[in-house]
Structures are given as C-alpha cells and as structure tokens.
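Enquirer: Encoded as structure tokens, here's the structure I'll be asking about.
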Amino acid sequence: MDPVLLVASIMVSATPILLAAIGELVTEKSGVLNLGVEGMMITGAVMGFAIAVSTGSPLLGFLGAAVASAVLSLSFGLLTQYLLSNQVATGLGLTLVGLGLSALIGSNYEGQRAPNLPKLDIPVLSDIPVLGRMLFSHDFVVYLSLALVVAVWAFLKYTRAGLILRAVGEDHESAHALGYKVVRVRMAAIAFGGACAGLGGAYVSLVRVPQWTEGMTAGAGWIALAIVVFSSWRPLGVLVGAYLFGGVTVIQLNLQAAGTTVPVELLSMSPYLITILVLVVISARGAHGAPGSLGRPFHASS
Amino acid sequence: MIRLEKRPQPSTLWTALTPVLAVLLTMIVGGIMFAALGKPPLEAIRTIFWDPLFHPQFASYSRPQLLVKAGPLILIAIGLSVGFRAGIWNIGAEGQYIMGAVIGAAVGLAFYPSDSVLLFPLMVVAGALGGWLWAMIPALLKTRFGTNEILVSLMLVYVAENILASASSSWLRNPEGQGFPGSRNFKQWPAVFNDELIANTGMHWGVVAAFIAVIGAYVLMARHIQGFNIRLTGEAPRAARFSGVNPVRIVLLCLGVSGALAGMAGLFEVTGPAGQISIDFGSGYGFTAIIVAFLGRLNPFGILLAGLLMALTYIGGELAQLMLGLPGASIQLFQGMLLFFLLATDVFTNYRIRFVGREVA
C-alpha cells in the first residue's frame, strides 16, 4: 500500500478521537470526569451534518457542532456542579441523552451526502515531494486539532489561567480557599470539552464517512476517554495515543478490504481489544498523574 | 439567594419522591418535545403511559408485553444496583447480556435435537456463566492491575457485538437456514423454548428469575453481612478497609453477580421472546437497565417498579410510533431525559434548600 496514502488516512482517522480527547483532557485537568464524551460527539456529528447539509457550508457545520455540544455539556455542568449529582451517573446519562437526541434529529438526514470540505494545501510545504502530500495537504480541521494540542499544552504549562485550572483540579478545597471560583472554572472546562467533542463528532460525519448513520461514532468517545488515561493527562500523550489508534483503525480497515483470512469480526473488534490492552499496560505500570480532585464533587460550605 | 445545606442523612421522603418528580418533569419536557415535532402532546403522553394498559383494542396485546420487556430490565438492573451500591461501575451489562445469550445458546445447540428436560436448565447455567465470565474480565483486570472497570466493561460491549455478529453469520448459523444469518429458531424446539408459563401474561422463566432476583437482592443487601460490606465499601471505602472488608472480594462479587444476572437475562431472551441468535439481538436492555437501577433508587423493590415503568415506555413508544407516527428515537431520548431529571432532582434528597439574604461568604 502507498505509504503516502496510509499516513494521510491515519491522520484523518485519528483526528476525531484527538479532538475529543484533548477536550476531555482539559475537563479532567479541572477535576471533572465527564463520561458523556460519546453523547457529545454523536450530537456534534448530527448537528454538524444537519447544518452543513442545509447551509451547504461545512465550516458552519463545524461551528454549529461545537456550539451544540458545548451547550449539551453545560447541562452536565449544571447537574454536577450546581446540583451536585454523581459525575459517573450524569456522564452516562449525557451519553444516553445524546444518543437519543442524535437519532431523533438525524432520522431526516439519513442517506444524504455531506458537502465537501476542501483540502487546504499549505503553500511551499505541500510542494515537498512525498512529505508534502503526506502531511501538508489536509483539510483545516486536521491542522486545527494539532494546533489545539499545542495550544492546550502551552495553556496548561505557561499561562496563569492554566495554572488556576490545574490547581482547581488538583485540590479544589485549597483552590477555593485561595479565592478561585472552582465552579466557574469547571464550567468553562466542561464547555471547552464539549465543544472539542462536538468538533470531533462533526469530523466523523462530515469528513471521515461522510454521511449520517445512527450511532456512527461507535465508541469513539469512549476510546477518547481511554486515551486521556493512556496519556497520563499530558497533551503530547493524547496526540501519541490518538495517532496510535488512528493507525490501528486504518490498518484493520485495510486488512478487511484486502480480504485476509482473519475473520472480519476479529478485525473490527481489534481497536477495542487494543484499547483494553493499553489500559491494562498503563495501569499495571502504575503510571498515574490523575488530577487529585478528579470526579469528586465540590460543595463550598462543606 | 439560594444555598444548599448538606443533610446529615439522605431524606427518606425525597428518596421516594424524586423518581415521581422526575417522571412528571420528563412528561412535561417530553410533551413540549412532542409538540415541537408537530404531534399532539397530551395524546402522545397518554399513548405512551395509558394506552398500553387500558386501550380497549390494543391493551390485550400489549399488557403481556409489559412483563416480557420488564423481565430482562429488572434482572439486569438488580445485578447492576449491587455494584453501584459499592461504587463499582459495570456499564457493560449489554455485553454480558449478549455473551450469556451466545454461550447459553451455543451449549443448547450443541445438543440439538435433544428433548431432555435437563437441557434448558443447563442452558440457563451456561448463560449465567457466559455473562459471569465476561464480567470477570473487567473484575480481574481491576483487582489485578487497577484498570478502570468503566472503560473495560464498555469496550467489551463492542467486542461482544462482534462475537454476536460472527456467531449469527457463521458458527451458530442455522445449517438448514438456506444460508441466511441467524441461528436455529428456539421457538420450534419445544424442549428449550422459554414459552409463557401462563397464557397471555407474558410471564416466562426470565420474569420468574427477575422476581427471585428482587427478593434475593433484598435479602443480600438488607440482611446479609456481604450486603452490609458492599454498602460500606460504597459509602466509606476507608472504613470498610479498616473493618477488614476485602475490596478484591467485593469487586469480584459485585461484577460477578451483575454479569451472571445479565447473562441469564440474555439466555431467557434468546430462547423466548427473541427466539434466535441474530445480528440485531442486542436490544439495548443492558444500557436501559442502568436507568432502571437509578430510577429504582438502587433498591430492589424500587427497581421492580422502575423496570415495569421503563417497560411501559418501550411498549407505549412502539404504540405511539404506530398510531401517531412518533419517531422511534424519541423514546430513547425520553428514557435518557428521565435519568437526567432524576439525577437533577436528587439534590433534594441529599441537600436542604435554604433561601437566605445576600451575605458575605
């Protein structure tokens, strides 16, 4: 197989998971465990598709997807931050609501085709033989996802706001005592995570497939959650993890298409099996780095 | 200004009241949603919640369906509730349900066309074992390596779906089925057909098992030392460890029970209402059961009621699809909203709402 095409398709296949995972990383860094990534992704997928089809503009589709998923994630924020509900249960609820909502909205759009998202050749760089077509001739969302990784890394490492976000995630009592608005910081982080998951979902329905089918994200949101664990909560680790899984997905799809003797079902389940394997290796190594207050409810007067 | 004040003990009144409040809120918001879809809201609500039981024409068909749908939901939710009480989040019941059905059916089909009376009990045991084995994967990974059981159990749902696909299209395919996917039909094999025990009630062995599970779970949680240990682990893990509760055993017990019950539910479903192993056998019961467990307040008798209510929304949803052309997905959304409103109103159970004047914090 042509290595140029292979690398290019790995990048396309990794982008949705990368977007969702980098968003969830920020959410978890603020101490909130949002298990609703799958629900937010599928909502982004359907909203992005619906908006892009009706306006003819993929750009508006991506924008709408990000806004819609951010709004949906704020309902999770309202419940967990203001009504102090259990984060695990609420995240599951968010996924179930998202799946239902997307199926409802999407039923009118089944069988339609998404408008084409043009490739953005980066001047000069895309003219480099082989490497140019491999790395510098993608649509803008691929570049955006990579830029987001760098931005999140720099934000967490070098900015004051990033420091506050990490402080809130590590120890919310102390952060509160220092006068930081724990709940507001977390709401912002949740919304950012939602917007990123929405972009990732829209990438699946507008670029990767590009069609709407019910339940099309097929666990990508859960894989994104696993990648955050894999990364030990570091942006660069998220990048590595997402591209690793993009690679596995592309290779198994190519093997399916090539018609090897390995059963199709075994190939289709391989990304999930490898996710489990990676989770086991990571947890066996004892590598942690999880934010100290992750998943714990915060109530100011308690 | 509104301030939340933590209650020393969760309010018993609100514990019972929040599910009712959540159902009412869901009806209201659901009604608005139906109106937005251009359907008459009141009629839609009545079709979902009233007509399956009392409609002069359809009720005779849909009333037995209530137990058929509630059986697996209750059986799975009971198992899940035991784990949730201990803070162990098995969200892959759908996978354990599928594996129970596949393994139980495979054991049965290996003896085709035997008409031994022992075969059906053997299949039930095999189904429970299949679900148990599937749940032991996250359990052992958690106890051995500390791997997160939420993600592992969920990933295994997708693995189980692929195993189901391969079973239905190759190794369990009906050899007399002209190459169509799907196993032999258990409805045409009287020795193992899980038929209605009493005609027109929908009562099959799975429903009986669900009732037994409700009582068993009540005894376990309220009267047995292991039930106490489970609750202690969930509410105060440190205290549990100090008092000598072995956390490894709790994880194995909780995941094992929920896996075995989900697997059994799958076996009863495949030999009864579904009739055969087929690609679309997985019906989402494993996920809906999570809602049932929470709606029933993780209490066995609450789960019984919640399972019946959720079954009603399934049947009513189908009826509304038929009579009002309501999209099938709206029921899925309806059920999701129910969980959301329940979690939102739960604030009243654990907190007291105080209205106070603005003050310096």
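Enquirer: Is it the case that B:Thr313 is polar (S, T, N, Q), surrounded by 23 or more Cβ atoms within 10 Å (Cβ to Cβ) and more than 9 Å from chain A (Cβ to nearest Cβ)?
Expert: Criteria met by B:Thr313.
Enquirer: While we're looking at this one, here's another question. Restricted to the range A:117-163, and to residues that are assigned to a helix (DSSP H, G or I) and among the hydroxyl-bearing types (Ser, Thr, Tyr), which residue is surrounded by the fewest Cβ atoms within 10 Å (Cβ to Cβ)?
Expert: Top of the filtered list is A:Tyr158.
Enquirer: Follow-up. Can you tell me how many residues in the range B:321-361 are at pLDDT 90 or above, more than 8 Å from chain A (Cβ to nearest Cβ) and within 15 Å of A:Leu104 (Cα to Cα)?
Expert: Residues that pass the stated criteria total 0.
Enquirer: Additional query: From the list A:Leu96, A:Leu79, A:Leu83, A:Leu104, pick out the single residue that is crowded, with 24+ Cβ neighbours inside 10 Å, without any contact (Cβ under 8 Å) to a residue 40 or more places away in the chain and either among the aromatic types (Phe, Trp, Tyr) or within 12 Å of chain B (Cβ to nearest Cβ) (or both).
Expert: After ruling out the rest, the residue left standing is A:Leu79.
Enquirer: Do we have A:Arg166 as under 18 Å from A:Val26 (Cβ atoms) and open to solvent by 20 Å² or more (accessible area, probe 1.4 Å) here?
Expert: In short, yes.
Enquirer: Return yes when A:Leu25 is within 13 Å of chain B (Cβ to nearest Cβ), in contact (Cβ under 8 Å) with a residue 40 or more places away in the chain, under 16 Å from A:Ala197 (Cβ atoms) and under 15 Å from the mean Cα position of the chain (by Cα) and no when it is not.
Expert: no
Enquirer: If the requirement is being surrounded by 24 or more Cβ atoms within 10 Å (Cβ to Cβ) and under 14 Å from the mean Cα position of the chain (by Cα), which of these qualifies: B:Ile48, B:Ile91, B:Ile103?
Expert: Answer to the check: B:Ile91.
Enquirer: So, one more: Within the range B:130-179, count every residue that is within 18 Å of B:Phe84 (Cα to Cα), within 9 Å of another protein chain (Cβ to nearest Cβ), open to solvent by less than 50 Å² (accessible area, probe 1.4 Å) and of a type in the set (S, T, N, Q).
Expert: Total meeting the criteria: 1.
Enquirer: Quick check on this structure: which one of B:Gly38, B:Gly30 is open to solvent by 40 Å² or more (accessible area, probe 1.4 Å) and either touching a residue at least 24 places away in the same chain (Cβ under 8 Å) or outside any helix (DSSP H, G or I) (or both)?
Expert: B:Gly38
Enquirer: If you don't mind, there's one more thing I want to ask. Just a yes or no: is a residue in the range A:264-276 more than 12 Å from chain B (Cβ to nearest Cβ), within 21 Å of A:Gly91 (Cβ to Cβ) and open to solvent by less than 30 Å² (accessible area, probe 1.4 Å)?
Expert: no
Enquirer: Then there is this: So, B:Ser183, is that one open to solvent by less than 70 Å² (accessible area, probe 1.4 Å), closer than 22 Å to B:Ile91 by Cα and in contact (Cβ under 8 Å) with a residue 24 or more places away in the chain or not?
Expert: No; evaluated as a whole, the condition is false for this residue.
Enquirer: Separate question: Name the residue, out of A:Gly215, A:Gly247, that is open to solvent by less than 30 Å² (accessible area, probe 1.4 Å) and of a type in the set (Gly, Ala, Ser).
Expert: The match here is A:Gly247.
Enquirer: Looking at A:Trp212, A:Trp222, which one is outside any helix (DSSP H, G or I), in contact (Cβ under 8 Å) with a residue 12 or more places away in the chain and either touching a Leu at 6+ places or on another chain (Cβ under 7 Å) or within 13 Å of another protein chain (Cβ to nearest Cβ) (or both)?
Expert: A:Trp212
Enquirer: Sticking with this one: Considering the range A:265-295 alone, what residues qualify as being in a loop (DSSP other than H, G, I, E, B) and either in contact with a helix residue (DSSP H, G or I) (Cβ under 7 Å, 6 or more places away or on another chain) or at pLDDT 90 or above (or both)?
Expert: A:Pro291, A:Gly292, A:Ser293, A:Leu294, A:Gly295
Enquirer: Output the residues belonging to the range A:33-76 that are facing another protein chain (nearest Cβ under 10 Å), in a helix (DSSP H, G or I) and either within 20 Å of A:Val204 (Cα to Cα) or within 16 Å of the chain's Cα centre (by Cα) (or both).
Expert: Selection gives A:Glu38, A:Gly39.
Enquirer: Still on this structure, I have one more. Specify which of the listed residues (B:Pro237, B:Pro273) is more than 16 Å from B:Ile78 (Cα to Cα) and in contact with a His (Cβ under 8 Å, 6 or more places away or on another chain).
Expert: B:Pro273
The values are calculated or read from the model by the stated rules, or taken from the named source; none is laboratory data. Just so you know, these numbers come straight off a predicted model, no measurement behind them. Reconstructed Cβ throughout: ideal geometry from the backbone, glycine too, with neighbour counts over all protein chains shown. For accessibility, only protein heavy atoms count, side chains too; no ligands or nucleic acids. Shrake-Rupley method; radii C 1.70, N 1.55, O 1.52, S 1.80 Å.
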